[in-house]
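The values are calculated or read from the model by the stated rules, or taken from the named source; none is laboratory data. Worth saying up front: this structure is predicted, and the values here are computed from it rather than measured. Glycine also receives a Cβ, built like all others from the backbone with ideal geometry; neighbour counts cover every protein chain displayed.
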Amino acid sequence: MSSKFDLHSHSTASDGLCTPETLVARAAAAGLQVLALTDHDTIDGLASAQVAAAREGLILIPGVEISVTWQGATIHVVGLNIDPQNPELLAGLESILAFRRWRALEIGRRLAACGIPGAFEGARALATGALVGRTHFARFLVAAGQAADVASVFKHYLVKGKPGHVHGEWAKLEQAVAWIRAAGGEAVLAHPARYKLTHTKLRLLLRHFIDFGGRGIEVVSGSQSQEEGYRLAGLAIKLGLCASLGSDYHGEDFSRIELGRLPPLPSGCRPLWSDWPVAQTLSASAPTD
Ligand code: AMP
Ligand code: MN
Ligand code: MN
Ligand code: MN
């Protein structure tokens, strides 16, 4: 199971483990032809990823994954084919990063209050980009021997109801989609099955997303099962949304997930990239037998 496209990945500019250059080289080695770099709330990795992609002969789609609060739930919206210089997008991302700076300090304070001092400094030392996210805290706590793995740090410290949890008020759904569109990009709802919404609530989210100008949903994701993919494909077709696919690769500590190792989109879906110039180039160069 491998795809020529992978439209969701992370680098050290946010909470991935590979530098943008290493990520692109790894994608090329995995046989990918098109990779989107979609770091959380920052476009800082895109310039060096573009340089590496030109060297590797891979097409790099400039992207971003924007943190959103919708009806109390944290939702991620991926923007693809964005102009990384667009002032409206940059201002929007900066407002989220400002919240992230405060939140990281607050997570550190809360962990200190429950007997884990130095977590902010530890997490910051592991972060090489513009943000210190929960993943950095999780990696630090594992390294400090507080938990066996990243998943158990989230479970015991960083999710709602746990001592290091800080409520996030991220961008509004309409803002995130508007910033992406202002930057000439296409908005895609990331990994919809991860939000654990009821069917009715997911339909409402998709209705709002479409009304605000959203274009597609991740039908295939490294963090969704194949069954969830089929269900989402049905919804996308019914609602006239395009289908996207992406591994959500963060590096080797999320070992189940590998760049480009994804099943194809279920039949009947309209691929998000069907009218991208790259789709014509790839189909023209595809073997005919
Ligand atoms: P943040 O945006 O800083 O709140 O962090 C969200 C990121 O944490 C996600 O993009 C994942 O990379 C990671 N994450 C969230 N939940 C988990 C989990 N249960 N196990 C491992 N990583 C997680
Ligand atoms: Mn992440
Ligand atoms: Mn996400
Ligand atoms: Mn992601």
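Filter region 155-193 for residues that are within 16 Å of ligand 3 (Cβ to nearest atom) and free of Cβ contacts under 8 Å to residues at least 60 places away in the same chain and give the result.
Passing the criteria: L158, V159, P192, A193.
The rows are residues; the columns are (1) among the basic types (K, R); (2) within 16 Å of ligand 4 (Cβ to nearest atom); (3) free of Cβ contacts under 8 Å to residues at least 40 places away in the same chain; (4) closer than 18 Å to V177 by Cβ.
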position	(1), (2), (3), (4)
D211	no, no, yes, yes
I217	no, yes, yes, yes
S247	no, yes, no, no
R256	yes, yes, yes, no
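Scan R203, R207 and give me the residue that is at pLDDT 95 or above and more than 30 Å from R103 (Cβ to Cβ).
R203
So, L46, is that one farther than 20 Å from I180 by Cα, modelled with pLDDT of 95 or more and either in contact with a strand residue (DSSP E or B) (Cβ under 6 Å, 6 or more places away or on another chain) or within 16 Å of ligand 4 (Cβ to nearest atom) (or both) or not?
no
Where in region 196-289 are there helices (runs of 4 or more DSSP H), lying fully within it, with 2 or more residues that are surrounded by 14 or more Cβ atoms within 10 Å (Cβ to Cβ) and of a type outside the set (A, V, I, L, M, F, W, C)?
Because the criterion is at least 2 residues that are surrounded by 14 or more Cβ atoms within 10 Å (Cβ to Cβ) and of a type outside the set (A, V, I, L, M, F, W, C), the helices (runs of 4 or more DSSP H) in region 196-289 that meet it are 199-212, 226-239.
Looking at this structure, is W179 more than 16 Å from ligand 2 (Cβ to nearest atom), under 18 Å from the mean Cα position of the chain (by Cα) and surrounded by 17 or more Cβ atoms within 10 Å (Cβ to Cβ)?
Taking the combined requirement at face value, the residue satisfies it.
Which one of the conditions (1) more than 16 Å from ligand 3 (Cβ to nearest atom); (2) crowded, with 20+ Cβ neighbours inside 10 Å does A144 fail to meet, given that it meets all the rest?
(2)
Being more than 16 Å from ligand 3 (Cβ to nearest atom), modelled with pLDDT of 95 or more, over 24 Å from A47 (Cβ atoms) and in contact with a Pro (Cβ under 9 Å, 6 or more places away or on another chain) narrows it down to one residue among L111, L105; which is it?
L111
Looking at region 267-289, I want the residues that are over 21 Å from H8 (Cβ atoms) and have a partner that is at pLDDT 70 or above with Cβ atoms under 7 Å, at least 6 apart or on another chain. Which pairs are those?
G268/A233; G268/I237
Taking the options T128, T135, name whichever one is modelled with pLDDT under 95, within 16 Å of ligand 2 (Cβ to nearest atom) and under 24 Å from the mean Cα position of the chain (by Cα).
Checking each option against the conditions leaves just T128.
Can you tell which of V68, V64 is of a type in the set (V, I, T), in contact with an Asp or Glu (Cβ under 9 Å, 6 or more places away or on another chain) and within 30 Å of H208 (Cα to Cα)?
V64
So how many residues does region 57-103 have that are surrounded by fewer than 22 Cβ atoms within 10 Å (Cβ to Cβ), within 19 Å of F154 (Cα to Cα) and of a type in the set (A, V, I, L, M)?
1
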